[in-house]
Amino acid sequence: MIHVLYAEDDRVIAALVSSCFARFGTQAVVEVVMTGGACLDRMAKGGIDVLLLDLELPDTNGLRILGELALRGDNTPVIMVSGQGQTDLAVKALRAGAVDCVDKVSAQMLQIVEIVVRVHERHQAAAASLSPTKRRGKSLVWLVEESPNAGAAIEAFITRNAPQYEFSRLSTTDEVKRHLREGVIADAVLIGTPPDGTDALDLLREVRTRVADLPVILLTARSDAETAVAAFKLGAQDYILRTADYLSQVVFSLSHGLRRTDLARHNEQLSRELASINRSLGAQVETRTAELHALSLRLLRVQEEERRHIAQELHDQIGQMLTGLKFQLEAAALEAGPAVRTRLDEALGLAKDLLSRTRELTLQLRPRLLDDLGLQPAMEWHLELFQRQTGIAVAGEFSLPPGRLASELETTIFRVVQEALTNVARHSACTSAHVTIIAAETHILVEITDRGKGFDVAAVRGRSNSLGLAGMAERVRLAGGKIEIVSSPGKGTRVHASFLLADPVPAP
């Protein structure tokens, strides 16, 4: 089992990550702490295989925690979790020894369990294959630098201050690629300004494609944090700016990289990792599918909770304030003269209209009928409101089992009908529609039909901005149901969804 510690002060993000690990099963478990102090205390107790570390915590930041762990000699692999605007910190964390960096506001967070498992497997394989050996003779370093003067200065400084390195100046990128193809491998590579107009990141990618564990150091005059992150993601050991003392940093970085390579470079590590990935590929796909399903359900629940919260705020705060304003205007109008009363009556009319619209918005966000009375009363109310707002006549046919359906199933059916009718109003150009919700023995059947202008279903689904149909289909799928949308130009539209009932409907 993989024991993971996650230091994160955002409770929503922490809950989502915990849900992902819970769905993954007993192969990996996660503990969550909210502060840097709690993180260091827990790490001191031992038993943690991978540390997920937020870059910014209430009492410290991830860089200080990395430094403290280094002082303790704790070699637990650390994956930094960054947010927007933290690119510079992420670069420093990668240079300080973090093995990966995941953006919490990107799709990478959906793969967090897979990333943790991969990092843990790499760490275990490296630990199993460690065989410390003392390097004999000089280490060969390739220097790729367009400027002869800059190349000579680098070589002269390092030869004078670190005579254990032997340099080979490569004048073209083709020469680098030829050496790699022929299996002529150096102990480390310094990439400055490549000749032939080649981009340094492209050359880094070429080296990494051929040799996975070769230390590669980029020397640059560009203080570009995003490029630095890209370089580390591609496998660069270091990204050094050409400042006044950068050559000393190069010597230090070379020594660090070669020591690490002496301990970890074994071809067996790559073969074991590849074999492990192949063996677990099917399980990973299944696990990731389950994680995505759980995360999508969680997001829908959060969305519904947010709708409920906003509706409550509109009702309790804005609605009451508008009601109070209406009463004050009515009272003032009774005491005012004719000229002022006319203006107060106009303001009173606006207040009443605003209050009415606020109430309608509150009900549309999350109708209390759905929570208090159930699906059928909420649907009947919504059809009446829809007809009043759009002028489209909607006939409703309902045959539901006695008692309430599961809360999430009621919400799903309500939202599917709501979205389908919204599409009718926006696109169908028809004057009537029909909604049917019927309970069969083992299923709930939902159908929304109209005789409007219709559309090409495949073409609309293929458009990147077709979020309504995709969202409706995803809701049905997450509720364990099936959906079919049938339409063609000039022949109307039929949306049909079916959901399995937890308890069969009793025979009459």
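Of all lysines in the structure, the ones whose alpha carbon falls short of 17 Å from that of residue 352, not counting any fewer than 8 places away in one chain, are 326. Across the range 139-265, counting alpha-carbon atoms alone, Rg and Dmax equal 13.3, 37 Å.
Under the simplified labelling scheme, the residue 353-residue 107 pair shows an inter-label distance of 4.5 nm, with each label point 7 Å from Cα along Cα→Cβ. Measuring against 31 Å, Cα to Cα, the residue pairs 45/92; 177/233; 138/177; 233/482 contain 233/482 as the ones spanning a longer distance. Modelled label positions at residue 70 and residue 361, each set 7 Å beyond Cα in the direction of Cβ, lie 5.2 nm from each other.
Normalised by residue count, the range 2-128 yields a Cα convex hull volume of 98 Å³ per residue.
The string of couplings for the range 208-216 from the Karplus curve (6.51, -1.76, 1.60, θ = phi - 60°) is 5, 5, 7, 9, 6, 10, 6, x, 10 Hz, one whole number per residue in order, with x for Gly and Pro. Each label point was placed 7 Å from the Cα along the Cα-to-Cβ direction; for residue 345 and residue 244 their separation is 8.2 nm. So which trypsin sites (Lys or Arg not before Pro) in the range 428-488 end up in coil per DSSP with only 11 or fewer other C-beta atoms within 10 Å? Answer by residue number: 463. The residues 430, 20, when put in order of fewest to most other Cβ atoms within 10 Å, stand as 430, 20.
Here, each number is a calculation from the coordinates, and none is a lab measurement. These numbers come from a predicted model, not from an experiment. For neighbour counting, all protein chains shown are included, and Cβ atoms are generated from backbone atoms with ideal geometry for every residue, glycine included.
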